[in-house]
Structure formats: C-alpha cells, structure tokens
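The values are calculated or read from the model by the stated rules, or taken from the named source; none is laboratory data. Computed from a predicted structure; not experimentally measured. A quick note on method: Cβ atoms are made from the backbone with ideal geometry, for glycine too, and the neighbour counts reach across all protein chains shown. Accessible surface areas use protein heavy atoms only, side chains included; no ligands, DNA or RNA. Shrake-Rupley method; radii C 1.70, N 1.55, O 1.52, S 1.80 Å.
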Amino acid sequence: MTPKIASFLASRPATPCLVLDLDQVAENFVRLHAALPAAAIYYAVKANPAPEILRLLVKAGSCFDAASLPEIEACLAAGANAETISFGNTVKKPSAIARAHAHGVPLYAFDSAEELEKIATHAPGAKIYCRLAVRNEGAEWPLSKKFGTTLEKARELMLAAPGLGLVPHGLSFHVGSQQTGTLAYELAIAEAAMLFTDLKDAGLPMSMLNLGGGFPVRYLKDVPQADSFGAAIMAALIKHFGNDLPNILIEPGRAMVGNAGVVAAEAVLICRRMPEDERRWVYLDIGRYGGLAETEGEAIRYRITAGDGPAGPVVLAGPSCDGVDVMYEKSPYQLPLDLKSGDTVLIHDTGAYVTSYASQSFNGFAPLAEHYI
Ligand SMILES: *Cc1c(COP(=O)(O)O)cnc(C)c1O
C-alpha cells in the first residue's frame with residue numbers, strides 16, 4: 001500500500017470503497033513502457049474505466065483498447081484522440097461499429113467471417129486485425145475458449161478482407177489474464193510470425209502485431225517483473241521476425257492499475273458454522289457482487305490483511321443472501337484471532353477488475369465507492 005493510500009485510509013472513509021493512487025498508475029505506465037520500448041501501449045479500459053485513470057493515461061501518451069461503444073466514448077471524453085483507440089472486442093454491435101467509425105476509430109478486431117462482414121458494412125475502409133486463439137497455459141484467468149481463430153482460418157479471412165473493402169493490418173492474441181510465465185508469449189509470437197510470412201508470400205504484407213494483455217500483478221505469489229516479460233518478448237520477436245519487426249502493440253489492463261488500488265472493507269460478522277470446523281467464517285461488507293468477481297473458482301487470490309495479531313484460519317464470504325457469495329473456502333486464508341465485527345479488513349491490489357465488476361444494487365448494496373487520489 002502506498003503512503004498516500006495509507007494516509008487517506010486513516011481518515012476512515014465509509015466502507016466498502018476502493019482507494020486508488022494515481023501516481024502508482026503513472027509509475028506503472030512508465031515501467032511497462034521501459035520494459036518493452038518497442039511497443040505502443042493500448043490500455044485495456046475494462047480493467048478500470050475511471051475517468052481519472054483515462055485522463056492520466058491520455059496525458060502520459062497511452063493509446064486505448066476499448067471493448068464497447070461506451071468505453072470508446074469514455075476515452076474520447078477523457079481527451080483521447082480517436083486515432084489512438086482500437087475497438088478490440090471481437091463481438092461488436094453493428095450500431096457500435098458504425099458509431100465508432102463515425103468517431104474516427106481506425107482499428108477493429110475480429111475472429112470470424114461474420115464479424116468481418118459486419119465491420120465491412122459499418123466501417124468501410126477500416127483497418128482490421130485478426131485475433132488468433134493461442135494457448136493460455138500459465139494464466140490464472142484464462143480467456144482462450146471464447147476468442148480467437150486458427151492460423152488457417154485467419155489466413156483465409158485476411159486474404160478475403162481487401163475484397164470486402166477493408167485494410168488487413170495485422171494479428172493479435174491474448175495469452176490469458178494474470179499470465180504468470182513468459183513462455184505463452186514466446187509460443188504465440190512464433191505462431192503469429194508463421195502467418196506473417198505466409199501472408200507476405202501470398203502478396204499480403206501486414207504491419208502490426210498486437211500481443212494483448214496478460215501481464216501479471218503480484219497478489220500472494222511472486223510473479224516475473226515487467227522487465228522479464230519485456231526481455232523474453234523482445235528476444236522472441238527478434239528470433240521470429242529478424243529485422244523485419246512489425247509495429248508492436250500491448251494491451252495491459254491488470255498490470256496498469258491492479259497494484260494501485262486497495263479495497264477497504266468492514267468485517268460484518270465473525271462466527272463458527274460447524275462445530276467440527278475450526279475455521280471462523282468472516283463475512284465482509286464486500287463480496288462477489290460488490291466487485292470481487294475474480295474470486296470465482298478462487299482464481300484470483302488477493303492479499304487480505306486486518307492488523308498484525310496472531311492469526312487463525314478463516315473462510316471469507318460476502319454480505320449478500322446468495323449462497324455462491326463466498327470468496328475463499330479452499331484457499332488457506334488467515335486473519336487475526338481478535339478480529340471483531342466493525343474492524344477494517346484491507347483487500348490489496350484491487351485496482352483492476354473490481355469496480356468495473358460491481359453489481360448495480362444486489363440486496364440493496366450500492367456499487368463500490370471509488371476514491372482516486
Ligand atoms: C481483457 C483484455 C486485455 C487486458 O488483459 P489484462 O490481462 O488485464 O492485461 C487486453 N486485450 C484484450 C483484447 C482484452 O480482452
């Protein structure tokens with residue numbers, strides 16, 4: 001936790017709330033850029049679309065990966081030039097494509113013939129890039145099944161694009177979010193390079209490779225630093241593309257904002273459920289529906305603290321009347337033995353994928369309050 005967040009929390013804001021240090025985001029942008037200077041950064045807006053973050057990143061010189069028309073319009077409202085926005089969702093409403101095109105958004109992702117046709121109709125002349133399905137091993141929040149296509153299909157679709165009045169611009173992939181190793185990038189770059197060569201030989205040279213997001217945040221376990229990813233990616237690019245490097249894009253979401261935020265929560269109830277279970281159940285005023293959606297399957301395990309006293313095992317649950325609103329039952333969490341109702345519990349590194357997942361008003365609980373400092 002940064003000193004700025006600690007001093008804000010000392011004023012005891014109403015919980016639950018996210019407190020996010022914008023200086024940390026600025027630092028993350030610089031660090032990501034330094035790790036891979038050859039790449040243009042397209043911030044994945046869905047990780048945290050707060051206007052404060054978008055405005056900061058516009059000033060820092062970031063570009064943006066938007067998944068929907070409202071995200072595109074949020075970037076424009078924050079001062080982003082339409083030229084710097086990529087419409088990166090492979091699933092877009094025709095009306096959203098048309099509006100994005102009218103705004104001047106130049107780049108569109110697709111992974112199916114049907115989406116390519118929609119782009120051709122509603123954004124004639126646009127630059128398009130095809131998303132490849134790549135292996136997501138090593139990712140704690142995989143994205144593989146829902147998106148991407150094969151090399152063969154991508155080749156066929158890219159070759160068809162000029163006939164539809166579109167400009168075949170490049171390829172993309174996503175190695176899965178919270179990707180804990182560099183190998184997935186290396187394998188994906190090797191595959192993409194084969195298709196670059198193939199298409200060039202077929203008379204269709206491409207100019208862009210979008211490496212997606214995936215860069216991890218340190219939650220409970222150590223993960224490689226941005227520098228290690230940068231070095232491994234650069235080595236793979238040189239190995240497979242030689243001196244003929246395309247324009248490289250990266251789309252960090254989690255790594256841009258995750259470590260910049262802390263959720264302050266309150267312990268609402270602490271009790272034992274079964275006599276034979278020594279663990280206490282700790283019910284917080286935030287749960288799955290309050291924004292901790294990535295605790296689904298206990299996939300993302302946040303660091304959680306509540307003072308330094310001697311600790312014992314706990315199950316962590318949310319405040320709603322829903323049986324699946326349990327965050328951690330299998331993962332071995334511990335909290336102080338003297339924790340009592342009303343005490344503050346901190347959930348660390350929650351700047352990404354928390355506020356944007358909070359439900360509207362389930363059980364009457366308002367969406368998570370947000371403080372950008
Ligand atoms: C979600 C997403 C990202 C961001 O992924 P992170 O793992 O948060 O870095 C980037 N690109 C696309 C297309 C995405 O869907």
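Of the chymotrypsin sites (Phe, Trp or Tyr not before Pro) in the range 23-131, not one is in a loop by DSSP (not H, G, I, E or B) with at most 14 other beta carbons within 10 Å.
Based on the reciprocal of the average 1/r between different C-alpha atoms, the Kirkwood radius for the chain equals 21.8 Å. Gain on full extension, evaluated as 0.36 nm per residue between K4 and L151 minus their Cα-Cα distance, stands at 48.2 nm. On the basis of the beta-carbon distance and an R0 of 22 Å, A34 and S207 show a calculated FRET efficiency of 0.35.
In this structure, E298 and D227 have a Cβ-Cβ separation that, at R0 = 35 Å, corresponds to a calculated FRET efficiency of about 0.75. Sites listed here are GluC sites (Glu not before Pro) in the range 270-373 whose DSSP assignment is loop and whose Cβ has at most 12 other Cβ atoms within 10 Å: E276, E278. A quarter of the convex hull surface defined by the alpha-carbon atoms of the range 139-286 gives 13.0 nm² as the mean projection. With K and R counted +1 and D and E -1, the other residues having a Cβ less than 12 Å from that of A352 yield a net charge of 0.
Each label point was placed 7 Å from the Cα along the Cα-to-Cβ direction; for V167 and I238 their separation is 3.1 nm.
Considering every pair of different Cα atoms, what Kirkwood radius, in Å, is found for the range 259-372?
One over the average 1/r among Cα pairs gives 14.2 Å for the range 259-372.
In whole percent, and with a 1.4 Å probe on the protein chains, what portion of the accessible area of the chain is carbon and sulfur? Percent of accessible area from carbon and sulfur atoms in the chain: 55. With both labels modelled 7 Å from their Cα along Cα-to-Cβ, the K200 to D343 distance reads 6.1 nm.
Based on protein heavy atoms only, the chain ends up with 43 Å² per residue of surface accessible to a 1.4 Å probe.
In this rough spin-label picture, where each label sits 7 Å from Cα along the Cβ direction, the A366-R218 distance is 3.5 nm.
So what does log10 I(q)/I(0) come out to for the range 38-137 at q = 0.11, 0.16 Å⁻¹, using the Debye formula with one equal point on every Cα and no solvent? Debye curve over Cα of the range 38-137, log10 I(q)/I(0) at q = 0.11, 0.16 Å⁻¹: -0.31, -0.65. With contributions of -39500 (n - 2.57) from each DSSP H run of at least four residues, the per-residue ellipticity at 222 nm computed over the chain stands at -9000 deg cm²/dmol.
Using the Cα centre of the range 22-257 as the reference point, and only Cβ charges (+1 on K/R, -1 on D/E), how large is the resulting charge dipole? Debye, rounded to the nearest 20.
300
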